[in-house]
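Participant: Let me begin by handing over the structure; questions about it come next.
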Amino acid sequence: MRGYWRNHRFWIIYSILLAAFTTYALLDVFLIPHRYETVKSIKKINASSNSSVSSSSDNKTVSTKYNNNTKYNNSTDNNEEKKSKVDNKYKENTENKDNEDKDRKENKVSLKNDDNNANDSNSEYDVESVDEDSVEYNNINESNEDIENTDNIVYKDDYTYKDANIIISLTTYRKYDTDIYVADVKLSSADYLKTALAENTYGRNIKAYTSVIAEENNAILAINGDFYGAQSQGYVIRNGVLYRSSAVKGNEDLAIYDDGSFEIIEESKIRAEELLNAGTQQVLAFGPALVENGKISVSEKDEVGKAMASNPRTAIGLIDDLHYVFVVSDGRSSSSKGLSLYQLAQFMEGLGVKTAYNLDGGGSSTMYFNGRVINNPTTNGRTIKEREVSDIVYIGY
């Protein structure tokens, strides 16, 4: 009997332990939280969060791309709109100029008639009639009203500059085996036709590259001037300031007046002070004159000093009131032979100029436009490099 109860007790204890273990196992599987499950759950949450962030980032990227594309499209539209606004603003700012020019010309004609009544000599202020058919460029200088308080919208590219006061278009020609660069300039006022000195200082042997002088003066367009510093005599008037008044017999200069008109003068026939009192803003003394009164004024035999027949050249011309051409040619190279004075005069005449004047050429010949040198300046024909000069003629504010 004692052995029976011993064995029976063993099985009772075993059953209790088995039941307890089974219960714990069931609880462990279904109810008790574990570290592994918690980490796994956190990973799921993080994965879900990252997915959300990634989705948000993707949406942001798509949105940015869309906005960028929209900006590009809007920029294209705005560019065309800007060009249209500039054209309209220029037309608006210049709609009264015809009447002002007419009054000015009538005043000059009146002065001329008064001079003719006093003596039979020709007046220095002859007013030439303009044959519209002979002018190859469209004359858009129709007015000149006050524009100081208007917004000046600017449009520009490699070949064009347009704002409410200044319109410049650049064209390259190929003539006489030479590349010739022409900047067609139309202004609402002569105030934007200026000159500048190297280092903004008058004196001999003060020189700088055309592009450097242009950049220092915020020039839109610039060409080299007359290199006054290479001479000790000859008139120098710049922006209405008289720097040198010693005349040189035979010097043929270009006088630019405060209304933007051109006149070819001889230093031996008029004093520098008289020019200044007459409203002269610039006197350029290199020469010679290429075209006067619409006709070529040099012969095939004319040249500057001992210059070769074909050279890089620089010239400036007047087509109509406040309508100019700045011209520079390459030369002295295998790709561009260069021009003689007569060829340059022929070319200027073909552009429809009434007056044209030859400036310093050779290695000095340089055209700068919209922040870069346009031509291929060279002194020896082998190296493309600017020559330092004393001064420039430029368009700007």
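The values are calculated or read from the model by the stated rules, or taken from the named source; none is laboratory data. Nothing here was measured: the structure is a model prediction, and the numbers come from that model. For neighbour counting, all protein chains shown are included, and Cβ atoms are generated from backbone atoms with ideal geometry for every residue, glycine included.
Participant: So which of GLY260, GLY250 is modelled with pLDDT of 95 or more and either closer than 30 Å to SER188 by Cβ or not in a strand (DSSP E or B) (or both)? Lay out the reasoning, then the answer.
Facilitator: Values: GLY250 fails: modelled with pLDDT of 95 or more.
That would be GLY260, the only listed residue that is modelled with pLDDT of 95 or more and either closer than 30 Å to SER188 by Cβ or not in a strand (DSSP E or B) (or both).
Participant: A follow-up question, please. For the range 176-213, give me the residue count where each residue is assigned to a loop (DSSP other than H, G, I, E, B) and of a type outside the set (Val, Ile, Thr).
Facilitator: First, the residues of the range 176-213 that are assigned to a loop (DSSP other than H, G, I, E, B): 176-177, 188-189, 201-207, 209.
Cutting the leftovers down to of a type outside the set (Val, Ile, Thr) gives us 176-177, 188-189, 202-205, 207, 209.
Number of matching residues: 10.
Participant: Just to be sure before I move on: is ASN218 of a type outside the set (Val, Ile, Thr), out of contact with any Leu (no Cβ under 8 Å at 6 or more places or on another chain) and at positive phi in the structure I sent?
Facilitator: On the way: of a type outside the set (Val, Ile, Thr): yes; out of contact with any Leu (no Cβ under 8 Å at 6 or more places or on another chain): yes; at positive phi: yes.
For ASN218, the condition - of a type outside the set (Val, Ile, Thr), out of contact with any Leu (no Cβ under 8 Å at 6 or more places or on another chain) and at positive phi - is met.
Participant: Going through the range 338-362 one residue at a time, which ones are assigned to a strand (DSSP E or B) and farther than 17 Å from ASP320 by Cα?
Facilitator: LEU339, ASN358, LEU359
Participant: Kindly indicate whether any position in the range 362-383 is farther than 16 Å from LEU284 by Cβ and of a type in the set (Phe, Trp, Tyr).
Facilitator: yes
Participant: Need the failing condition index for ILE256 against (1) aliphatic (A, V, I, L, M); (2) in contact with a helix residue (DSSP H, G or I) (Cβ under 7 Å, 6 or more places away or on another chain); (3) buried (at least 19 other Cβ atoms within 10 Å of the Cβ), just the number.
Facilitator: It is condition (2) that ILE256 fails.
Participant: Going by what's in this entry, would GLU303 be described as of a type in the set (D, E, K, R), under 25 Å from GLN231 (Cα atoms) and without any contact (Cβ under 8 Å) to a residue 40 or more places away in the chain? Please lay out each step first, then the result.
Facilitator: Values: of a type in the set (D, E, K, R): yes; under 25 Å from GLN231 (Cα atoms): yes; without any contact (Cβ under 8 Å) to a residue 40 or more places away in the chain: yes.
Yes.
Participant: Being under 18 Å from LYS175 (Cβ atoms) and either at pLDDT below 95 or assigned to a loop (DSSP other than H, G, I, E, B) (or both) is the filter here; which residues of the range 312-337 pass it?
Facilitator: Within the range 312-337, PRO312, ASP330, GLY331, ARG332, SER333, SER334, SER335, SER336, LYS337 qualify.
Participant: Can you tell me which residues in the range 263-283 are farther than 24 Å from SER189 by Cα and part of a loop (DSSP other than H, G, I, E, B)?
Facilitator: Of everything in the range 263-283, those that are farther than 24 Å from SER189 by Cα and part of a loop (DSSP other than H, G, I, E, B) turn out to be ILE270, ARG271.
Participant: Can you report the number of residues in the range 363-397 which are in a helix (DSSP H, G or I) and of a type in the set (D, E, K, R)? Let's see the steps before the verdict.
Facilitator: Step one: list which residues in the range 363-397 are in a helix (DSSP H, G or I), which gives 363-364.
Now narrow it down to the ones that are of a type in the set (D, E, K, R): none.
Total satisfying the criteria: 0.
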